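A.B. asks: Supplied in structure tokens, the structure appears directly below.
The values are calculated or read from the model by the stated rules, or taken from the named source; none is laboratory data. None of these values were measured; they are calculated from a predicted model. Virtual Cβ from ideal backbone geometry, glycine too; neighbours counted across all protein chains shown. For the accessible areas, the whole protein counts, side chains as well, though only heavy atoms, and no ligand, DNA or RNA atoms are used. Shrake-Rupley method; radii C 1.70, N 1.55, O 1.52, S 1.80 Å.
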Amino acid sequence: MTQSHLQGGRVDISLIENLARNSLITLLEKCVGPKLIVWENSLAGPVGLIAQYHQLEAIGVQKMFPLRNIPLPETNVKHVIFITRPKLHSMDLVAFNVHQDSATASGKQKQYHLFFVPKLCLLCQKRLENQRMLGSLTLIEEFKCELFPFESDLLSLEIPEMFSEYNIQNDPSTLYQIAHSLISLQKVYGPIPRVWGKGQAAKQVWDLVQRLQRESNLQETFKTHRASSIDQILLIDRCIDLVTPLVTQLTYEGLIDEIYGINTATATFPSEKFKSNEERVVDSLREERKKIILNSGDKLFANLRDKHFNAVGPYLSKQAKLISSQMEDRHKKTVQEMKLFVQKLPQLMSDKKALAEHTAIAECIKEVTDGFDFLDYLQTGQEFLNCIDLDKASPFIESLLAQKAPIVEVLRLICLQCIASSGMKQKLLEYYKRELVQVYGIQALIAITHLEKVGLLRCQSGVRPYMVLRKALHLTVEDTSEINPTDVSYVHSGYAPLSVRIIEKLMKNDGWKQLQDLLGLLPGPTFEDNPIVFNQQNQSSDSPTVVLVLFIGGCTYAEISALRHLSQMEDSNVEFIIATTKLINGKTFLSNIINVDQKSTK
């Protein structure tokens with residue numbers, strides 16, 4: 001059953017959901033009888049977006065467990081199905097689980113299967129062979145699901161390690177997966193006639209797309225294909241804008257992600273905030289967490305998510321008054337009006353429940369954002385973005401070091417200072433390094449090495465691109481309106497994401513040409529391609545241009561809100577579909593860089 005929140009735009013994202021679900025069900029139906037699924041941790045959530053548990057239950061799935069280095073619980077099933085990404089470490093875990101489980105009393109009656117997402121790799125096959133596993137696995141299949149649908153305008157490949165693997169380990173294998181996902185998209189929606197891109201990874205992905213299309217003769221097939229639902233594609237390498245992920249997000253959804261973390265459209269909050277005083281007394285001994293699904297299936301959340309947090313309180317207050325007045329007016333109704341009211345009552349009660357939930361979430365966030373620590377952190381970041389005191393040690397960073405604050409929090413500000421000043425002066429950089437190693441030890445040394453490799457920590461060298469771009473692209477805006485925004489800078493209270501500013505200028509100028517000088521300040525090549533030419537006479541000139549923006553290396557919820565705001569502006573005739581390798585914030589972005597897990601190497 002299609003989820004309605006995936007439909008609504010000119011591009012029907014539910015088609016991707018249906019294809020992926022049907023593909024998974026077809027694979028699972030090859031295993032006739034009661035089934036147990038063992039998921040790699042990073043896949044359970046994403047696959048839950050395309051196939052819900054009751055749908056899997058209907059085809060015989062009885063239990064689901066995470067893939068771990070502990071034996072599986074005793075189960076009375078006929079099939080045990082492992083679903084993993086092609087990682088060597090995962091092959092070791094599969095081998096361990098199969099050896100352990102097959103040795104049990106019930107294991108002799110079981111068949112073991114392995115499904116790779118999205119593709120089998122030869123190294124993994126070799127590792128299984130070395131572990132003497134190939135004879136133990138009845139089926140080895142590919143579950144070719146590359147893109148997971150989050151919203152009617154949002155897709156993710158869910159590859160958190162892509163940025164670090166490509167930029168630290170020099171491993172380009174995830175680029176093949178990104179290229180395959182673009183080919184899959186074009187098979188569903190038609191070939192995309194116009195392509196723009198910026199950055200080394202973006203160029204490599206597009207070169208791969210063209211090569212794979214040539215090898216499978218898709219280019220000739222595409223020439224006879226119907227016109228695409230997507231008019232243009234814009235490939236953005238995260239390396240061209242390392243500032244934005246480091247900046248604190250201030251939209252409702254962005255702050256939920258900053259404070260509580262959003263994982264595959266689900267966030268977890270302290271449960272006591274959602275209970276009445278009586279319930280809190282009764283459940284005071286329980287340490288429960290409340291999980292809430294955050295997508296546009298919840299209409300109130302759809303209206304709140306892209307707002308600046310300062311606009312959330314007034315909006316919730318207005319909705320509360322509206323519901324209250326509707327409930328009070330029921331006493332003044334005629335019999336006929338009362339019948340209509342009773343019909344609307346379930347929706348009204350649902351709205352009331354959603355209002356209570358989001359009011360509780362807003363209160364949770366407000367407790368953090370009103371704190372001195374948060375405000376000091378925010379102010380320090382804003383000063384760096386406005387190029388204030390970039391060339392000297394920040395007293396606030398020094399106080400964080402003195403308190404031994406979490407290393408990611410400290411590095412986030414140091415890296416922001418470094419990128420805003422386009423590299424630090426040697427003396428300042430050495431001072432920060434020394435302090436970091438003294439406070440955090442060997443962990444800091446490894447982190448510094450990785451951050452230097454990706455360009456987040458470096459010495460100054462002449463030109464200061466951020467300062468030039470800041471003025472030329474109006475990256476910082478004074479007195480930006482947060483309640484009724486007229487500019488994308490509202491998402492960070494005065495800072496416009498560099499990536500979104502480039503997209504904004506590109507859409508207005510219809511190409512790179514007027515931006516060439518500025519784009520030359522950013523790393524990596526700039527390219528443009530028109531691989532397919534269609535007769536677009538059938539398309540109304542009034543209908544919006546659909547642009548697929550693919551962030552290679554991750555994007556933030558604030559960037560998504562900014563792009564949605566761009567498409568809703570009066571003079572805009574653009575509808576954005578946003579795709580990314582992973583939804584990130586400053587914490588998750590840096591954590592994946594400084595904690596590169598060598599075991600996950602493909």
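A.B. asks: For a quick check of your reading of the filter: which GluC sites (Glu not before Pro) in region 22-115 sit in a DSSP loop and have no more than 15 other Cβ atoms within 10 Å? Present the calculation step by step, with values, prior to reporting the outcome.
C.D. replies: Numbers: sites: GLU29, GLU40, GLU57, GLU74; in loops: GLU40, GLU74.
Hits after loop and neighbour filter: GLU74.
A.B. asks: Please identify every one of the trypsin sites (Lys or Arg not before Pro) in region 347-441 that sits in a loop by DSSP and has no more than 12 other beta carbons within 10 Å of its own beta carbon. Kindly include the intermediate steps, with their values, before the conclusion.
C.D. replies: Details: sites: LYS352, LYS353, LYS366, LYS392, LYS404, ARG412, LYS425, LYS427, LYS433, ARG434; in loops: LYS392, LYS404, LYS425.
Within region 347-441, the qualifying trypsin sites (Lys or Arg not before Pro) (loop, at most 12 other Cβ atoms within 10 Å) are LYS392, LYS404.
A.B. asks: Further question: So for each of 470-477, 242-249 I average, over its residues, the number of other beta carbons within 10 Å; can you give me the resulting order with the highest mean first?
C.D. replies: Values: 470-477: 16.6, 242-249: 24.2.
Top to bottom by mean Cβ count within 10 Å: 242-249, 470-477.
A.B. asks: Still on this model: Label points 7 Å out from Cα along the Cβ direction at ASN22 and LYS318: separation in nm?
C.D. replies: Using points 7 Å along Cα→Cβ, the separation is 4.2 nm.
A.B. asks: Please work out whether region 11-97 counts as rounded, prolate or oblate from its C-alpha gyration tensor, where a ≥ b ≥ c are the square roots of the eigenvalues and a/c under 1.5 means rounded, while otherwise a/b larger than b/c means prolate and anything else oblate? Please report the intermediate quantities before stating the final value.
C.D. replies: Values: a/c = 2.23, a/b = 1.38, b/c = 1.62.
It is oblate, given that a/c is not under 1.5 and a/b is not larger than b/c.
A.B. asks: How much length is gained on full extension from GLN403 to GLU57, taking 0.36 nm per residue of separation minus their Cα-Cα distance? Walk me through the numbers before you get to the answer.
C.D. replies: Values: separation 346, 0.36 × 346 = 124.56 nm, distance 5.00 nm.
Computed gain between GLN403 and GLU57 is 119.6 nm.
A.B. asks: Report the one residue of THR84, THR138, LEU154 whose Cα lies farthest in the direction of the positive end of the charge dipole of region 74-158 (charges on C-beta: Lys and Arg +1, Asp and Glu -1; origin at the Cα centre).
C.D. replies: THR138
A.B. asks: Can I ask one more? Assuming a ≥ b ≥ c are the square roots of the Cα gyration tensor eigenvalues, decide whether region 1-46 counts as rounded (a/c under 1.5), prolate (otherwise, with a/b larger than b/c) or oblate.
C.D. replies: The shape class here is prolate.
A.B. asks: Place +1 on the Cβ of every Lys and Arg and -1 on the Cβ of every Asp and Glu in region 373-433, take the dipole about the Cα centre, and give the residue among CYS387, MET424, GLN403 whose Cα lies farthest towards its positive end.
C.D. replies: My answer, from the dipole projection, is MET424.
A.B. asks: May I ask you to work out the translational diffusion coefficient for the chain at 37 °C, viscosity 0.692 mPa s, via Stokes-Einstein with Rh from the Kirkwood sum over Cα pairs, reported in whole µm²/s?
C.D. replies: On the way: Rh = 26.3 Å.
In µm²/s, the coefficient is 125.
A.B. asks: Also, I was wondering about something else. Pull out a ≥ b ≥ c, the square roots of the eigenvalues of the alpha-carbon gyration tensor of region 48-159, then state rounded if a/c is under 1.5, prolate if not and a/b is larger than b/c, and oblate in the remaining case. Numbers along the way, then the final one.
C.D. replies: Numbers: a/c = 2.28, a/b = 1.33, b/c = 1.71.
It is oblate, given that a/c is not under 1.5 and a/b is not larger than b/c.
A.B. asks: Compute the distance in nm between two label points, each set 7 Å from the Cα along the Cα-to-Cβ direction, one at SER136 and one at LYS427.
C.D. replies: Roughly 6.2 nm, to one decimal.
A.B. asks: Report, in deg cm²/dmol and to the nearest 500, the calculated mean residue ellipticity at 222 nm for the chain, where each DSSP H run with n ≥ 4 adds -39500 (n - 2.57) and the sum is divided by the residue count.
C.D. replies: Numbers: 24 runs with 282 residues, N = 602.
After summing the helix terms and dividing by residue count, I get -14500 deg cm²/dmol.
A.B. asks: Also, quick follow-up: How far apart, in nm, are two points set 7 Å out from the Cα along the Cα-to-Cβ line at PHE527 and at LYS273?
C.D. replies: My value for the distance between the label points is 4.5 nm.
A.B. asks: While we're here: Considering the dipole of the chain built from charges on the beta carbon (Lys and Arg +1, Asp and Glu -1) around the Cα centre, which of THR556, SER23, ALA444 is farthest to its positive end?
C.D. replies: Sorting the options by dipole projection puts first SER23.
A.B. asks: Between ALA472 and ASN76, what's the calculated FRET efficiency when r is the beta-carbon distance and R0 is 56 Å? Round to 0.05. It would help to have the intermediate numbers written out before the result.
C.D. replies: Values: r = 67 Å, r/R0 = 1.20.
Taking R0 as 56 Å, the efficiency between ALA472 and ASN76 is 0.25.
A.B. asks: On to the next question. Considering only protein heavy atoms, what per residue accessible area in square angstrom results for region 307-441 with a 1.4 angstrom probe? Let's see the in-between values first.
C.D. replies: Values: 7420 Å² over 135 residues.
Heavy-atom SASA per residue in region 307-441 reads 55 Å².
A.B. asks: Starting from the Cα gyration tensor of region 333-420, multiply each eigenvalue by 5, take the square root, and state the resulting semi-axes largest first in whole Å.
C.D. replies: Details: eigenvalues 503, 37, 19 Å².
Gyration-tensor ellipsoid for region 333-420: 50, 14, 10 Å.
A.B. asks: Would you work out the relative contact order for the chain, in percent, from Cα pairs under 8 angstrom that are 6 or more residues apart? Before the final figure, lay out each step's value.
C.D. replies: Values: 900 pairs, mean separation 114.6, N = 602.
That works out to 19 percent.
A.B. asks: Taking a threshold of 23 Å on the Cα-Cα distance, which of the pairs LYS353/LYS582; LYS273/LYS353; LYS198/LYS392; LYS273/LYS318; LYS35/LYS582; LYS366/LYS587 fall above it? Write out the running numbers ahead of the final one.
C.D. replies: Details: LYS353/LYS582 31 Å; LYS273/LYS353 14 Å; LYS198/LYS392 32 Å; LYS273/LYS318 21 Å; LYS35/LYS582 30 Å; LYS366/LYS587 20 Å.
Violating the 23 Å Cα-Cα cut-off are LYS353/LYS582; LYS198/LYS392; LYS35/LYS582.
A.B. asks: Can you pull the percent of the chain's accessible area that's carbon plus sulfur, 1.4 Å probe, other chains left in place? Write down the numbers at each step before the final one.
C.D. replies: Numbers: 13980 of 27220 Å².
Here it works out to 51 percent.
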